[in-house]
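Here you go, one structure.
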Amino acid sequence: MKYRSVFRPGLFAGQVAVVTGGGSGIGRCTAHELAALGARVALIGRNASKLESVCAEIADAGGIATAHPCDIREEEAVRQTVAEVLAAHGRIDALLNNAGGQFPAALRDISLKGWEAVVRTNLTGGFLMARECLQQWMQDKGGAIVNITADNWGSMPGMGHSGAARAGMVSFTETAAMEWAPYGVRVNAVAPGYVASSGMDAYPPAMAPLLRSAADGVPLKRMATEAEISAAIVFLLSEAASFITGTVLRVDGGRPQMRAGWPQMQSKEGMDRPAVRPFQGFPLARPPKVLQSDEG
């Protein structure tokens, strides 16, 4: 089954796209879409077996992908991995900084080790990947970068370490867009809201009720599909976004605008109409287990 992209065939033909966190979730989905549109994809992540599995999926669908295990938090490892990608593919036209991770905890209970682990994964690693892609290729040839941040507008109670890192990623995106524009490099970010992705199954069972009720706080009364996030990323990496840089594209169903008690927002009338119906472009997507039953 081929990826059902809304973009024209061959959009990224001859290009190479690097995708961090490419072994699962949004990264896996976006890697499939980019490959389906003609890009050669370099998958980066810490779990080699997951990367190889996605490479095999992409090959089965007629695309080309290579696996490059790397801990993006380690500077020298990132430097060597970007060089490895260039040796394998000869160029880097696009970078998706998608790798991330966090754990639920109140700020008062987060240790220094826990704080630094999340910040290094969600912010520092993205900086290192972007810097190396710039220095080793894009400052001479140009390119496009998309950073993944989060729906952290206002606050992220229970995930303060992630909120701080993601807010930092927004500022990094804006600054890099300014500094790197002379090189012909565009830098943007995508901020997903609640996404029905495999990452939800990584949270402790105690969070299952909260995750299953999350869509109630979204005006569109549902979660995003992985393909809806991927489509936003692919647009920002494409030539159609050639005059867009330094911006954050929210893909969150309007959640930050939700106001408690606002009567219009309690109705689900119209939620199955074409303009808001879930886009299911990724044939291999499966809902997270936590959303499939009340038992989680």
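From (1) surrounded by fewer than 22 Cβ atoms within 10 Å (Cβ to Cβ); (2) at pLDDT 95 or above; (3) not aliphatic (A, V, I, L, M), pick out the condition that doesn't hold for Pro157.
(2)
A follow-up question, please. Regarding Ala65, is this residue in contact with a Cys (Cβ under 9 Å, 6 or more places away or on another chain), under 27 Å from Glu33 (Cβ atoms) and either free of Cβ contacts under 8 Å to residues at least 60 places away in the same chain or surrounded by 15 or more Cβ atoms within 10 Å (Cβ to Cβ) (or both)?
Answer is yes for this residue.
Of all the residues that make up segment 94-120, how many are within 14 Å of the chain's Cα centre (by Cα) and modelled with pLDDT of 95 or more?
Matching residues across segment 94-120 total 5.
Can you tell me which residues in segment 38-62 are crowded, with 22+ Cβ neighbours inside 10 Å and small (Gly, Ala, Ser)?
Answer for segment 38-62, where residues must be crowded, with 22+ Cβ neighbours inside 10 Å and small (Gly, Ala, Ser): Ala39, Ala42, Gly45.
Taking only pairs six or more apart or across chains, which ones have beta-carbon atoms under 8 Å, a first residue in segment 92-107 that is farther than 12 Å from Gly22 by Cβ and touching a residue at least 12 places away in the same chain (Cβ under 8 Å), and a second residue that is assigned to a loop (DSSP other than H, G, I, E, B) and aliphatic (A, V, I, L, M)?
So the pair list comes out as Asp93/Ala39; Ala94/Ala39.
Kindly indicate whether Ala17 is buried (at least 24 other Cβ atoms within 10 Å of the Cβ), more than 21 Å from Pro288 (Cα to Cα) and under 17 Å from the mean Cα position of the chain (by Cα).
Against the criterion (buried (at least 24 other Cβ atoms within 10 Å of the Cβ), more than 21 Å from Pro288 (Cα to Cα) and under 17 Å from the mean Cα position of the chain (by Cα)), Ala17 qualifies.
Another one. I need the full set of residues from segment 197-209 which are of a type in the set (A, V, I, L, M) and more than 18 Å from Thr225 (Cα to Cα), in order please.
Ala206, Met207, Ala208
Among the residues of segment 68-102 satisfying the criterion of being in a loop (DSSP other than H, G, I, E, B) and out of contact with any helix residue (DSSP H, G or I) (no Cβ under 7 Å at 6 or more places or on another chain), which is farthest from Ser238 (Cα to Cα)?
Glu74
Mind listing whichever residues of segment 214-254 are among the acidic types (Asp, Glu), buried (at least 17 other Cβ atoms within 10 Å of the Cβ) and either in contact with a helix residue (DSSP H, G or I) (Cβ under 6 Å, 6 or more places away or on another chain) or modelled with pLDDT of 95 or more (or both)?
Matches in segment 214-254: Glu226, Glu228.
A further question follows. Charged (D, E, K, R), farther than 23 Å from Gln102 by Cβ, crowded, with 19+ Cβ neighbours inside 10 Å and in contact (Cβ under 8 Å) with a residue 40 or more places away in the chain: is that true of Arg186 in this structure?
yes
I'd like the full set of residues that are of a type in the set (D, E, K, R), closer than 24 Å to Glu74 by Cα and outside any loop (DSSP other than H, G, I, E, B), limited to segment 1-60.
Residues satisfying the conditions are Arg28, Lys50, Glu52.
I'd like to check something: does segment 239-258 contain any residue that is assigned to a helix (DSSP H, G or I), touching a Pro at 6+ places or on another chain (Cβ under 8 Å) and not basic (Lys, Arg)?
Checked against the condition, which is being assigned to a helix (DSSP H, G or I), touching a Pro at 6+ places or on another chain (Cβ under 8 Å) and not basic (Lys, Arg), segment 239-258 yields at least one hit.
Collect the residues in segment 138-154 that are farther than 23 Å from Asp201 by Cα and either surrounded by fewer than 23 Cβ atoms within 10 Å (Cβ to Cβ) or modelled with pLDDT under 95 (or both), keeping them in residue-number order.
If the condition is that a residue be farther than 23 Å from Asp201 by Cα and either surrounded by fewer than 23 Cβ atoms within 10 Å (Cβ to Cβ) or modelled with pLDDT under 95 (or both), then Gln139, Asp140, Lys141, Gly142, Trp153, Gly154 are the ones that fit.
Could we say that Ala35 is buried (at least 21 other Cβ atoms within 10 Å of the Cβ), within 23 Å of Leu86 (Cβ to Cβ), in contact with a strand residue (DSSP E or B) (Cβ under 8 Å, 6 or more places away or on another chain) and not β-branched (Val, Ile, Thr) here?
yes
Can you confirm whether segment 121-134 contains a residue that is crowded, with 17+ Cβ neighbours inside 10 Å, hydroxyl-bearing (Ser, Thr, Tyr) and not in a helix (DSSP H, G or I)?
Looking for residues that are crowded, with 17+ Cβ neighbours inside 10 Å, hydroxyl-bearing (Ser, Thr, Tyr) and not in a helix (DSSP H, G or I), one finds none in segment 121-134, hence no.
The values are calculated or read from the model by the stated rules, or taken from the named source; none is laboratory data. The structure displayed is predicted, hence computed values, not measured ones. Positions of Cβ are generated from backbone atoms using ideal geometry, with glycine treated the same way; all protein chains shown enter the neighbour counts.
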